[in-house]
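Let me begin by presenting the structure, written as structure tokens, before commenting on it.
The values are calculated or read from the model by the stated rules, or taken from the named source; none is laboratory data. Since the model is a prediction, treat every value here as computed from it, not as a measurement. Cβ sites come from the backbone with ideal geometry, for glycine too, and all protein chains shown count toward neighbours. Side chains included, ligands, DNA and RNA excluded: accessible areas come from the protein's heavy atoms. Shrake-Rupley method; radii C 1.70, N 1.55, O 1.52, S 1.80 Å.
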Amino acid sequence: MLIYAHRGASIDFTEGSKAAYLGALAQDADGFECDVRLTKDKQIICYHDSDTKRLSNIDLKIAKSSYEELKAKVDPYRLDELLDLSISNKKDLVIELKHPVPTGALIEKLVHKLLLSRNTEIKNSGIKISLISFSYLATLRNLKSGYQAGYLVKNSNLIKINPAPVIALNINIVRQNPKVIADQHKKGKTVFVWTVNEASDLLLCAKEGVDAVITDKPAQARMLLGYS
């Protein structure tokens, strides 16, 4: 079972920051998970929220702020920088494309364009790129990217409409019905589970054969699973 760092090693560092991803690297995560949004000047940054209020004492709307303004005040990590880190250290990258956003499908277009521009490096590194979203339409767009696409599911009723080869399940679904993992594998799906922070949940995922867990605590996950 692969261990992907949720917004980096976010239990120890500010989520989505360069420090969080360097921390995940030091904790030997198998890959990085990030959320991406567009700034006012169409720069792709790794940021979960639509504004900066929760993670700082500053209230800026991501979509209404330029990258330089955000850089000066909250220093977001750009997706191209995280991609560099992934390639150079041979770490998988799971990119969640946030919706709804004011620019609609442009986020997929620009992420796909970035990946295409680095396609040779990505292939040579051997890393796996996964593009995931809660948006069904975004998932359809990601299926055309040439990279692995996945559908994020928080409500188990939506599992049946997943159009992608990857299903990313909320841990609550697995707790309520562990057999969902085997059911999805029978359908040929790869299963990611998020956010897996409790020891009991991690061991449950391992027992049921989950392909990858997304966790805030990659070091703890490695220790509990007995990875060297």
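Tabulated results
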{"item": "1 or more residues touching a residue at least 24 places away in the same chain (Cβ under 8 Å), acidic (Asp, Glu) and open to solvent by less than 40 Å² (accessible area, probe 1.4 Å): qualifying helices (runs of 4 or more DSSP H) within the stretch 104-205", "result": "106-117"}
{"item": "Residue list for the stretch 1-54, filter: open to solvent by 40 Å² or more (accessible area, probe 1.4 Å) and in a strand (DSSP E or B)", "result": "Leu2"}
{"item": "Subset tally (residues that are acidic (Asp, Glu) and open to solvent by less than 40 Å² (accessible area, probe 1.4 Å)) for the stretch 64-80", "result": "0"}
{"item": "One residue from Lys179, Lys187, Lys144 being among the basic types (Lys, Arg) and closer than 22 Å to Asp35 by Cβ", "result": "Lys144"}
{"item": "Residues being hydroxyl-bearing (Ser, Thr, Tyr), within 24 Å of Ala5 (Cα to Cα) and not in a helix (DSSP H, G or I) - total across the stretch 55-102", "result": "2"}
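Condition check ((1) at pLDDT 95 or above; (2) in contact with an Asp or Glu (Cβ under 7 Å, 6 or more places away or on another chain); (3) over 29 Å from Val191 (Cβ atoms)) across all residues:
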{"site": "Asp51", "(1), (2), (3)": "yes, yes, yes"}
{"site": "Leu60", "(1), (2), (3)": "yes, yes, yes"}
{"site": "Glu69", "(1), (2), (3)": "yes, no, yes"}
{"site": "Pro76", "(1), (2), (3)": "yes, no, yes"}
{"site": "Lys90", "(1), (2), (3)": "yes, no, no"}
